[in-house]
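What follows is a single structure, written as structure tokens, with notes after it.
The values are calculated or read from the model by the stated rules, or taken from the named source; none is laboratory data. These figures come from a predicted structure and were not determined experimentally. Here the Cβ is made from the backbone with ideal geometry for all residues, glycine too, and neighbour counts use every protein chain on show.
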């Protein structure tokens with residue numbers, strides 16, 4: 001917690017402080033599982049399934065790469081392994097970007113809530 005966070009906490013009354021802590025920063029696993037909720041959660045579930053299938057394929061191709069009798073066959077299986085692992089890496093990047101966008105949306109909602117509470121009733 002930095003100085004700005006402490007100043008904000010001191011400026012809040014008890015009810016606002018409780019709301020602030022309820023909607024406070026989330027941990028890594030909470031952010032990770034937030035990707036599976038909401039309107040686009042089904043995409044994340046499908047992407048996870050596809051990643052698991054690709055990982056199984058990469059393990060299979062890697063095994064065949066290690067046990068290939070010829071160099072051409074090893075290059076073939078190595079290219080498939082590399083391609084599948086690269087695709088998995090790109091999908092993981094998509095998950096991290098979704099986590100970050102969910103975090104940013106949560107912060108915008110917190111600001112919205114604070115502005116709404118400032119409005120006269």
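Go through region 82-121 and give me each residue that's part of a helix (DSSP H, G or I) and more than 30 Å from residue 32 (Cα to Cα).
Selection gives 118 alone.
Is it fair to say residue 65 is closer than 28 Å to residue 28 by Cβ, at pLDDT 95 or above and either in a helix (DSSP H, G or I) or in contact with a helix residue (DSSP H, G or I) (Cβ under 9 Å, 6 or more places away or on another chain) (or both)?
no
Given the options 79, 74, 58, name the one that is assigned to a helix (DSSP H, G or I), at pLDDT 95 or above and exposed (fewer than 13 other Cβ atoms within 10 Å of the Cβ).
Exactly one residue qualifies, and that residue is 79.
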